[in-house]
Amino acid sequence: MSAAKDNKPAVLIAEDEEINRAILREILKDKYRILEAENGHQAVFCIQAEETEIALIILDIHMPKLDGFGVMEYLQETGLNNKIPVVVTTSDKSADVLVQAKKNHAVDIVYKPFRAAEIRKIVDNLVQICKLETSLESIIEEKSVYFTNQYEALKKAAKALRRVKWEDNIKSLMNKLLPGNEAHSGRIRVGTELLLDGLMERYPKYGLSKSINKAISDATLLHDIGNVIIPDSLFDGHRASAGRAMVQIKKRPIAGSELINLMFVNSTHQLERKYAYEIARYMYEQYDGKGYPIGVVGDEIPICAQVVSLCHRYDEIRFLKDGTVKPHKSVMRKIQEAEYKAYNPDLLEVFEVLSDTFDKTVMEEYNKNKEK
């Protein structure tokens, strides 16, 4: 069963009990076009007919003919699990159900009886994340447009981005757009907050506070967004010379920061937007003026970007892509002896004072993600 098509995003409700379908329909009907299925076979048929239109599936686990796990297996077999997010519903709160749902790539689980506010929040957030992902992917697919018409490409993406919320949404988005980046981002975040707190205590001139430090550390979630627009895959193999690749890599800070501005132009999170913009734009600048994309010098570089730059470089040297973890002291020595001109002396002093705590903090974050 499906409603007449309109411009609203479509949500498929697959639920065998009419009363539960009615409740979900009532909660979501104002913002979404509702499709309904009363068993797993109907759900699969609806997905086949409407796969390009469905923004999200709300899927009951226990249904006749084909249960929710069977529907998720179909989505995996067809590759649609990477395109359509699935929220499973159940009254069974056992750990086994939760584990199996996550194993089958459900993005969330909602327990019955339904709460309207919870349903709306989950559905709205996931649909907005998917819109953002689709918009950014369209830019990546049109790679050549970035080399010739960057601003128009960013404008094209912006329309679908402006209502996206912060925190968990941004974290989920970046994890999906840059798979495997979660651990790196987590270490950057905790390291940044630690060094900012150290600067706040020793150097009042930077105007830092606990609330500012928290906003900056939250903003680090987007520090790699330029890599989404100009991905490393553009330079794989012989597709680009080293020189040409570097020219494009140096465009990442501008691309990422401009996209952040477009994404959050109407957001209530303007403080995070400000810091995310500054981090994305200036984190590859160096204190001695030898960085990019602009070549600014000293404290012309925002302090938030200076701190993230140091944390990013530390992480790059210590945690290698092959899984090797270098000793903390050797990384500290390399930065302090060979690369010290690239960083603010005040920041390096705090880094030295907090060395042991910094090591402990980032390793705790490393081990936490390793256990996942």
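Neighbour counting of Cβ atoms within 10 Å sorts the residues 297, 308, 11, 331, fewest neighbours leading, into 297, 331, 11, 308. With Cα atoms as the point set, the range 1-128 shows a radius of gyration and Dmax of 13.1, 39 Å. At a Förster radius of 41 Å, what calculated FRET efficiency corresponds to the Cβ-Cβ distance of residue 78 and residue 325, to the nearest 0.05? Working from the Cβ atoms, E equals 0.60.
How large is the charge dipole for the range 4-72, taken about the Cα centre, if only the Cβ atoms of Lys, Arg (+1) and Asp, Glu (-1) carry charge, to the nearest 20 debye?
260
For the listed residue pairs 214/290; 8/121; 31/274; 326/368, the alpha carbons are over 27 angstrom apart in 214/290; 31/274.
Where a number appears in this text, it was derived from the coordinates with a stated rule and is not lab data. Note that the structure is a prediction, hence the values are computed from the model and not measured. Every residue, glycine as well, gets a Cβ built from its backbone with ideal geometry; the counts of neighbours run over all protein chains shown.
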